[in-house]
Amino acid sequence: MKSISVKNGFGIGLIIFAVAAIIALPLRTVQYFTTIEAETGFYSSVDWSVYLLAAVLAVAVIAILAFGIAKRKKLEYSLEVVKRPGCGVLSMACAAGILMSSARRIIDFMDLIEKNSQVVIHTAEAEASKSPAFVPCAEAIFGILSAMYLFALGFALLSGKTNGSEFRLVSLSPVVWCIFRMISKFLNTISYIRVSDLAIEMIMIAFMILFFMAFAQVNSRVNSKGLDWKIAAYGLPAALLALVCFVPRFIVTVSGNSLLLSQYARVEYCDFGIALFIIATVATRVVDKIKAVPETAAEEKE
């Protein structure tokens, strides 16, 4: 019979992730104090830290993807039904972060409704101004559904009675939530190249969509053959970029320098929760495949 390996199969990828995070997080924090304009989010000057940060992130993402592709036939996602307290707690922490983000989007939605109610709607331009209000509303709804899914998954992992594969109907909620989150970023009519916060967030969300899609398929075992490696290869770049978005902004905020952050640089706790959930999932559930050993051969060996 085939046994479950406890050896992590993506250790090198995790090391690449850790090294990149150690370099990138201080660099990004320094940039908020030196080269990023608070009013616009643009770089006031392109110095060595800008090039180094871009290089570190690019090299790390490419290396993690390359390592995942190289090991795509040697990895599997563990669906063993056991208690996983670390993954369970971090799944619920991720859900809490998404709920906080959804609450903020509901507030944004109400602000848009109030603003649009004060506009005379006899022109096509005024009517068009109302359309974006749908996006934060949809983002909030699917954010709540995503939080429900991750809370349920967390309780399942804590109890050890199931692996959470039965939550198929709502497992795609995080994917749809990320799609609407990306759409809301596209509504910002500004240069994504000059505003590095938006550029990093767009790439981060793209990897989150890929991760949650692979996770939904593999964890629910729906057309999941050969997709196990994608959880790590897409997840770690998403986690790295999420930490780059969250940690420096959080440091700037708690240090009393929140005025250094532009309107595009919100502190999103969902990013931190998702990053921790991904790291825990890759570190504990993406393992090396163990070749099946025929029972007769095992008996003869004994």
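The values are calculated or read from the model by the stated rules, or taken from the named source; none is laboratory data. Predicted, not measured: the structure shown is a model, and the values here were computed from it. No Cβ is skipped: glycine too gets one built from the backbone with ideal geometry, and neighbour counts run over all protein chains shown. Surface areas here come from the heavy atoms of the whole protein model, side chains and all, with no ligands, DNA or RNA. Shrake-Rupley method; radii C 1.70, N 1.55, O 1.52, S 1.80 Å.
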Query raised in the report: Of the residues that sit in the stretch 246-263 and are touching a residue at least 60 places away in the same chain (Cβ under 8 Å) and outside any helix (DSSP H, G or I), which one is farthest from the chain's Cα centre (by Cα)?
Result: 257
Query raised in the report: Is there any pair with a first residue in the stretch 39-61 that is over 19 Å from residue 15 (Cβ atoms) and in contact (Cβ under 8 Å) with a residue 60 or more places away in the chain and a second that is among the acidic types (Asp, Glu) and assigned to a helix (DSSP H, G or I) whose Cβ atoms are under 6 Å apart and which are 6 or more apart or on different chains, and what are they?
Result: 41/197
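For (1) open to solvent by 10 Å² or more (accessible area, probe 1.4 Å); (2) closer than 19 Å to residue 163 by Cβ; (3) without any contact (Cβ under 8 Å) to a residue 60 or more places away in the chain; (4) not basic (Lys, Arg), each residue gets a yes or a no:
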position	(1), (2), (3), (4)
208	no, no, no, yes
217	yes, yes, yes, yes
226	yes, no, no, yes
229	yes, yes, no, yes
240	no, no, no, yes
265	no, no, no, yes
282	no, yes, no, yes
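Okay, residues lined up against (1) in a loop (DSSP other than H, G, I, E, B); (2) in contact with a helix residue (DSSP H, G or I) (Cβ under 8 Å, 6 or more places away or on another chain); (3) open to solvent by 40 Å² or more (accessible area, probe 1.4 Å); (4) among the small types (Gly, Ala, Ser):
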| site | (1), (2), (3), (4) |
| --- | --- |
| 49 | no, yes, no, yes |
| 55 | no, no, yes, yes |
| 60 | no, yes, no, yes |
| 76 | no, yes, no, no |
| 100 | no, yes, yes, no |
Query raised in the report: If you go through the stretch 122-143 one residue at a time, how many are open to solvent by less than 70 Å² (accessible area, probe 1.4 Å) and either outside any helix (DSSP H, G or I) or modelled with pLDDT of 80 or more (or both)?
Result: 8
